[in-house]
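Engineer: This structure is in C-alpha cells; I'll ask about it shortly.
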C-alpha cells in the first residue's frame, strides 16, 4: 500500500467569506484597547507638542504659525545649551559611578561569601522605594550649612566643611542623591542577570583552576552584558530627564540652581512661570529627539559588542 499524502492547501475548501472576515478582526479586538490607550496617552501628547512648537503666541495677532522659528531660537539659546551641557556632564560622571557601585554590590551578593546577603540586598534596594521628592528634601536638609547635618558638624567640631549647596558643589550633591536612590535598582537588574548564569560554567572554571577575578572577567561580565546595556540606557534617559532634585533643592539653594539648571527644569520654567508654552514644547521635542538618538547609539554599540 502507498502512504496517503496529506491534502494540499490548494485542495482544501476555502472558508466562508464571513468567517474569514471575522478572523481578521480577532487580533484587533485583543490589541484594540491597548492601541487606544497608547494613542491617547503617548501619541496624542507628542502630536500636540509638535503642533505647539510650530506656533508662537504674540501680543499682536495671537497664536501665529511660525514654522521652524522656535527650533532656530532653541539652537541659538545659550540657556538651553548651558542646561544641556550641565546635564551631559552630570551623566558622564554620575552614571558610570552609579553603575560601577551597583555592579560591585551585585557581584558581592552573588559571590555567596557575603555575610547577611539577604539583609544587605534589601538594605541597598530600600532607597529606591523612597519617593524622589522625599529623598531630595531629606538630603537637602542634611546638606544645609546653617540648619542641617553639615551645619551641626561645623558647629559641634568647629570646622568649616564645604557647602554642598554652593554653586560649585550642587551638581555633585544632586549626583549623590540620584546615586543613593538608584544604586539598588540597578543592583537588582545585575543580580537577576547573574542568577541565570548556568552553574556548569562555574564548575568548568573551577576545574581549570580559574580564580574569582578570572571568573568575573571571563564569565560573569560577558553574561550580563545585555543587562549592563539596558541599565546604561535607562540611566542616560533618567539623567536627561533630571527634574525632581533640582526643583526641590532650588528653594534651599536659589543662588546655585537657576531656572535653566537642567533642560527639563528649563522647560517647566518656560511653560509655567514664563507662559511660553510654544517654546517650552519646542525644547521638550528637541530633548526627546536628543535623548532618543543617544540611547539608540548606546544600544547599537552594546549589541555590536555582544555579537
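All of the numbers you see were taken from the coordinates with simple rules; none came from a lab. Small disclaimer: the values here were computed from a predicted structure and weren't measured.
Engineer: Once the chain is represented by equal point scatterers at the alpha-carbon sites, with solvent omitted, what log10 I(q)/I(0) does the Debye formula produce at q = 0.07, 0.12 Å⁻¹?
Structural biologist: The Cα Debye sum returns log10 ratios of -0.46, -1.00.
Engineer: Follow-up question, since we're still on this one. Sequence gap at least 6, Cα distance under 8 Å: using those rules, report the relative contact order of region 38-131 to the nearest whole percent.
Structural biologist: It comes to 11 percent, rounded to a whole number.
Engineer: With an 8 Å Cα cut-off and a minimum separation of 6 or more residues, compute the relative contact order for region 76-197 in percent.
Structural biologist: Result for region 76-197 is 38 percent.
Engineer: Sticking with this one: Limiting things to C-alpha atoms, what are the Rg and the maximum Cα-Cα separation (Dmax) for region 50-91, in angstroms?
Structural biologist: Here Rg and the maximum Cα pair distance are 13.6, 42 Å.
Engineer: Would you calculate, for the chain, the mean residue ellipticity at 222 nm contributed by helices, counting each DSSP H stretch of 4 or more residues as -39,500 (n - 2.57) and dividing by all residues, to the nearest 500?
Structural biologist: -21000 deg cm²/dmol
Engineer: Could you list the square roots of 5 times each eigenvalue of the Cα gyration tensor of region 170-226, that is, the equivalent ellipsoid semi-axes, sorted largest first and rounded to whole Å? Don't skip to the answer; put the middle values down first.
Structural biologist: Values: eigenvalues 206, 31, 11 Å².
Over the Cα atoms of region 170-226, the semi-axes work out to 32, 12, 7 Å.
Engineer: Out of every Cα pair in region 219-282, what percent are spaced more than 15 Å from each other?
Structural biologist: Beyond 15 Å sits 62 percent of the P(r) for region 219-282.
Engineer: Most fluctuating residue of 29, 151, 209 in a GNM of the chain with Cα springs under 10 Å: which is it?
Structural biologist: 29
Engineer: Which of these, 105, 159, 97, has the largest mean-square fluctuation under a Gaussian network model of the chain (Cα springs below 10 Å)?
Structural biologist: 159
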